[in-house]
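Report on the structure given below.
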Amino acid sequence: MSAPALAIANQLFLGLSTAAIYVLVSLGLTMIFGMMNVLNFTHGVLYALGAYFGYLTVKFTGSFWLALALAPAGVAALGVLIERISIRPLAARPHLIQFLATYGLALIIEQMIRLVAGNNAYPVDLPAAFAHTVNLGPFEFPAYRVFIVCAALAVCIGLGVLLAKTQIGALIRATSEDPEMAALLRVNTRAVSTLVFAGGSALAALGGVLAAPVFSVHPSMGEEVITTAFLVVTAGGLGSLRGTIVAAIIIGEASSLGLLAVGKYSDVLSISLMAAVFLVWPTGIFGRAEGR
């Protein structure tokens, strides 16, 4: 295989691994909007907190696997607190008010991170089990990037099974589609909403932990991902889980291939591609027509 073809294949895979991070973060954002109809701008700092908690866990225990378990759990608990004190009171307010209020809260949390951890970036070593490459025929990919893709795939499958095959999933779908009717059927819709917010927060944190060895940990990392996450969620169709996955892959691949085509202007290429998506599907790829 020629060198240009290998370079393109490598960029495609790097784009897929980046898209896997976007999928994890954006799925949590989509779940929260689909359930609570709230535009949650604190999602970016929850991603950053997951990365910081993961960094600290690795630093003090030496175990990346423990970080993968503890950081999402810790951020999920924080998410419950955020949902109780700031998200729930905004549920019936216009989206602009929700956006401004959660944006302000995100700025406060980010400044608290800076006060505690400083403005420096902290590198996270690759787990020893993935500090090598994987050969797939003529292709050679970083093992950790392969792990990120597999982890995101496992989460997507697990989430699909949870929503489609379990009682908890049935309660989530019922509350999302018709909260008033669910309440009349004695479903504790507030508890279900809190559970979904905690789960969405945990997904953001998981994305942060997985991203830490690739991008390092720094205070503004939440700002960098939340814009892309909102773009993914709206391009896929607000509230659509499969639309979120498709849009994340499109943006991840466009950004990666754009590095080969236009270098530092790859983000412009990604945004232009999403603008084209909105011209074809004004409500997103799967939009409201499919429901939530």
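The values are calculated or read from the model by the stated rules, or taken from the named source; none is laboratory data. None of these values were measured; they are calculated from a predicted model. Every residue, glycine among them, receives a Cβ derived from its backbone with ideal geometry; neighbour counts consider all protein chains shown.
This table checks each residue for (1) in contact with a His (Cβ under 7 Å, 6 or more places away or on another chain); (2) at pLDDT below 95.
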site: Leu6; (1), (2): no, yes
site: Gly15; (1), (2): no, yes
site: Leu29; (1), (2): yes, yes
site: Met36; (1), (2): no, yes
site: Phe41; (1), (2): no, yes
site: Gly50; (1), (2): no, no
site: Phe60; (1), (2): no, yes
site: Trp65; (1), (2): no, yes
site: Pro89; (1), (2): no, yes
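Residue by residue, here is whether (1) at negative phi; (2) buried (at least 22 other Cβ atoms within 10 Å of the Cβ); (3) of a type in the set (Phe, Trp, Tyr); (4) touching a Leu at 6+ places or on another chain (Cβ under 7 Å) holds:
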{"residue": "Gly44", "(1), (2), (3), (4)": "yes, yes, no, no"}
{"residue": "Gly54", "(1), (2), (3), (4)": "yes, yes, no, no"}
{"residue": "Trp65", "(1), (2), (3), (4)": "yes, no, yes, no"}
{"residue": "Pro72", "(1), (2), (3), (4)": "yes, yes, no, yes"}
{"residue": "Glu83", "(1), (2), (3), (4)": "yes, yes, no, no"}
Note to self: Can you tell me how many residues within the range 225-257 are hydrophobic (A, V, I, L, M, F, W, C) and either outside any helix (DSSP H, G or I) or surrounded by fewer than 15 Cβ atoms within 10 Å (Cβ to Cβ) (or both)?
What the structure shows: 1
Item checked: Filtered residues of the range 150-170 (kept if part of a helix (DSSP H, G or I) and over 30 Å from Phe13 (Cα atoms)) -> Lys165, Gln167, Ile168, Gly169, Ala170
Item checked: Single residue of Leu260, Leu203, Leu273 found to be in a helix (DSSP H, G or I), without any contact (Cβ under 8 Å) to a residue 24 or more places away in the chain and either surrounded by fewer than 18 Cβ atoms within 10 Å (Cβ to Cβ) or of a type in the set (A, V, I, L, M) (or both) -> Leu273
Checklist line | Residues being in a helix (DSSP H, G or I) and either at pLDDT below 80 or surrounded by 19 or more Cβ atoms within 10 Å (Cβ to Cβ) (or both) - total across the range 278-292 | finding: 3
Check: Is it true that Ile97 is at pLDDT 95 or above and among the β-branched types (Val, Ile, Thr)?
Finding: no
Notebook entry, point to check: Could you say which residue among Val149, Val124, Val155 is touching a residue at least 60 places away in the same chain (Cβ under 8 Å), within 18 Å of Val25 (Cβ to Cβ) and touching a Lys or Arg at 6+ places or on another chain (Cβ under 9 Å)?
Noted result: Val124
Next item on the list: Collect the residues in the range 125-141 that are part of a strand (DSSP E or B) and over 27 Å from the mean Cα position of the chain (by Cα), keeping them in residue-number order.
Entry: Asn135, Leu136, Phe139
Note to self: Given (1) modelled with pLDDT under 90; (2) farther than 24 Å from Ala204 by Cβ; (3) not charged (D, E, K, R), identify the lone condition not met by Pro179.
What the structure shows: (2)
Check: Of the residues Val196, Val246, Val268, which single one is modelled with pLDDT under 85 and of a type in the set (Val, Ile, Thr)?
Finding: Val268
Next item on the list: Only residues that are β-branched (Val, Ile, Thr) and surrounded by 14 or more Cβ atoms within 10 Å (Cβ to Cβ): list them for the range 106-132, please.
Entry: Ile109, Ile113, Val124
Check: What are the residues in the range 8-61 that are of a type in the set (S, T, N, Q) and under 30 Å from Ala174 (Cβ atoms), if any?
Finding: Ser26, Thr30, Asn37, Asn40, Thr42
Checklist line | Pairs, first more than 12 Å from Val217 (Cβ to Cβ) in the range 48-73, second polar (S, T, N, Q), C-beta under 6 Å, six or more apart | finding: Leu66/Thr57; Leu70/Thr57
Item checked: Conditions (1) of a type outside the set (Phe, Trp, Tyr); (2) at pLDDT 85 or above; (3) within 21 Å of Leu241 (Cβ to Cβ): number failed by Gly104 -> (3)
Check: Looking at Arg173, is it of a type outside the set (A, V, I, L, M), modelled with pLDDT of 85 or more, over 21 Å from Tyr103 (Cβ atoms) and assigned to a helix (DSSP H, G or I)?
Finding: yes
Margin query: Against the conditions (1) modelled with pLDDT of 90 or more; (2) assigned to a helix (DSSP H, G or I); (3) not small (Gly, Ala, Ser), where does Pro219 fall short? Just the number, please.
Written below: (2)
